[in-house]
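Okay, structure first, notes after.
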Amino acid sequence: MSPTAQLPDLLPDCDHSPTGIDGVTWNIMGQVYTPKQYDDQQFVWHATFPEESFVPPHTHPEQDEYLSPLNGSVDVVINGVRSTVHAGEVGHLPKGIPHAFYNNSGKVVQAIFWAEPAGELPALYRRIHNIANPRKVTEISPEFGVVFEPPISSAN
């Protein structure tokens, strides 16, 4: 959607240091999320996706979500249509439409994500930190405005 040259204009004011707000880092299903900025308007986090990791189809009824890989690429499925977002590009995951993302790049991928408005995502991430059971994560998520679709595998 957007080349690297436009990225700084789209990204909120977030620092790119390895530490998060108040030193917080969340482990969510083997992925590491580090919050960078949070206010009513937006929530920004740095994500580390191990090889072959994925976030299954889910919907944010009230939030637009964006992602920008810093290295490698991330496969994105929006409403059943697959595309690839490469380093320096910005992918838009529209509110109200099921989306998923996969690290099929063969290496660890670092990315910046942000959601507008922030909604309940920070509270959800605090709640599901270190929960290893995917079923439990999908059961908790609707309380915080994220609804997961039926599970799919990373091979899809």
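Could you tell me the relative contact order of region 72-149? Use alpha-carbon pairs under 8 Å, at least six residues apart, and round to a whole percent.
Numbers: 73 pairs, mean separation 19.4, N = 78.
Value for region 72-149: 25 percent.
Ordered by the count of other Cβ atoms within 10 Å of each Cβ, fewest first, Glu65, Glu139, Glu116 give Glu139, Glu116, Glu65. Shape analysis of region 4-145 places it in the rounded category; the axes a ≥ b ≥ c from the Cα gyration tensor give an a/c below 1.5.
Using Cα positions and a limit of under 28 Å, work out the lysines in reach of Lys107, with same-chain residues fewer than 8 apart set aside. Cα-Cα hits under 28 Å: Lys36, Lys136.
Listing Asp64, Asp39 from fewest to most neighbouring C-beta atoms within 10 Å gives Asp39, Asp64.
Fewest neighbouring Cβ atoms within 10 Å first, the residues Phe144, Phe101 line up as Phe144, Phe101. Summarising the amide proton neighbourhood of Gln37: residues at separation of 5 or more, or on other chains, whose placed amide H is nearer than 5 Å comprise Val44.
Bear in mind these aren't lab numbers, they're just calculated from the coordinates by the rules spelled out. None of these values were measured; they are calculated from a predicted model. A quick note on method: Cβ atoms are made from the backbone with ideal geometry, for glycine too, and the neighbour counts reach across all protein chains shown.
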